[in-house]
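The values are calculated or read from the model by the stated rules, or taken from the named source; none is laboratory data. Worth saying up front: this structure is predicted, and the values here are computed from it rather than measured. When we count neighbours, we look across all protein chains shown, and the Cβ atoms used for this are built from the backbone with ideal geometry, even at glycine. Just the protein is used for accessible areas: all its heavy atoms, side chains included, with ligands, DNA and RNA removed. Shrake-Rupley method; radii C 1.70, N 1.55, O 1.52, S 1.80 Å.
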Amino acid sequence: MAGSLQDQLLKAGLADKKKAKQIKKEKTKQTQQQRKSKDGVVDETRQQVQLSRQEKQQRDRQLNEQRKAEADKKAIAAQVKQLIEVNRLSREGADIDYNFTDQKKIKKILVDNTMLEQLSRGRLAIVSLNDKYEVVPAGVAGKIQQRLPKRVIVANEVASNEVDEDDPYADYQIPDDLMW
């Protein structure tokens, strides 16, 4: 009994070589089909695992983008706050009310004469900081406008000193003490 059952049957004359080859082919086909069916199940699970990985990576990317956007907003807000705190002008001794609108509400701050003149000519601007209003130079207000436009409350355009040739009132001077 040294050989396989097939070899023993061939020696005994119970089976012929042709039939043995046919059975061998069928057996190899069956084993290949079993492997393929097992691989199909494995492939499906691999595909499901891969899809779940891709979905998780996409969710992670979205979360990272949201976190980055929030961090950028905080950084910009911190920059604006620092710009305002460093460049705000002192209003000590200010005795003139300057009225302006903020979100359809009339607000006022105290300024002195030079600040009033520079605000009207566009050299100074009013910005909001923590529900308070500060006066800053127009250049700083421009930088704040680029980062957070809603923080700049009053930024008048720079008035040019040029006189229009067709201006009928060019010969008349506006008095300095004129208050509106």
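Taking ILE76 as meeting all but one of (1) over 30 Å from LEU116 (Cβ atoms); (2) free of Cβ contacts under 8 Å to residues at least 12 places away in the same chain, write down the number of the exception.
Tallying (1) over 30 Å from LEU116 (Cβ atoms); (2) free of Cβ contacts under 8 Å to residues at least 12 places away in the same chain, ILE76 fails exactly one: (2).
Run down GLU55, GLU70 and say which single residue is outside any loop (DSSP other than H, G, I, E, B), closer than 30 Å to GLN146 by Cβ and at pLDDT 90 or above.
Just one listed residue meets the conditions, GLU70.
Considering only residues of the stretch 150-160 that are open to solvent by 70 Å² or more (accessible area, probe 1.4 Å) and modelled with pLDDT under 85, which is farthest from SER128 (Cα to Cα)?
The extreme case among them is SER160.
Before we move on, is VAL140 at pLDDT 80 or above, open to solvent by less than 40 Å² (accessible area, probe 1.4 Å), in a helix (DSSP H, G or I) and out of contact with any Cys (no Cβ under 9 Å at 6 or more places or on another chain)?
Answer is yes for this residue.
Is there a residue being under 30 Å from ASN130 (Cβ atoms) and of a type in the set (Val, Ile, Thr) anywhere in the stretch 64-83?
Scanning the stretch 64-83 turns up at least one residue that is under 30 Å from ASN130 (Cβ atoms) and of a type in the set (Val, Ile, Thr).
Got at least one residue in the stretch 8-18 being of a type outside the set (Phe, Trp, Tyr), under 30 Å from LEU116 (Cα atoms) and out of contact with any Gly (no Cβ under 9 Å at 6 or more places or on another chain)?
Taking the stretch 8-18 and keeping what is of a type outside the set (Phe, Trp, Tyr), we get 8-18.
From the residues that got through so far, the ones that are under 30 Å from LEU116 (Cα atoms) too are none.
Looking through the stretch 8-18, none of the residues is of a type outside the set (Phe, Trp, Tyr), under 30 Å from LEU116 (Cα atoms) and out of contact with any Gly (no Cβ under 9 Å at 6 or more places or on another chain).
Being of a type in the set (Lys, Arg), assigned to a helix (DSSP H, G or I) and open to solvent by less than 100 Å² (accessible area, probe 1.4 Å) is the requirement here; does LYS81 meet it? Break it down stepwise before answering.
Values: of a type in the set (Lys, Arg): yes; assigned to a helix (DSSP H, G or I): yes; open to solvent by less than 100 Å² (accessible area, probe 1.4 Å): yes.
Judged against the criteria, LYS81 is a match.
When you check VAL111 against the structure, is it within 19 Å of ASN156 (Cβ to Cβ) and hydrophobic (A, V, I, L, M, F, W, C), yes or no?
yes
What pairs come out if I take residues in the stretch 103-115 that are assigned to a loop (DSSP other than H, G, I, E, B) and pair them with residues that are open to solvent by less than 80 Å² (accessible area, probe 1.4 Å) whose C-beta lies under 8 Å away, six or more apart or interchain?
Every condition considered, the pairs that remain are ASP112/ARG91; ASP112/GLY93; ASP112/ALA94; ASP112/ILE96.
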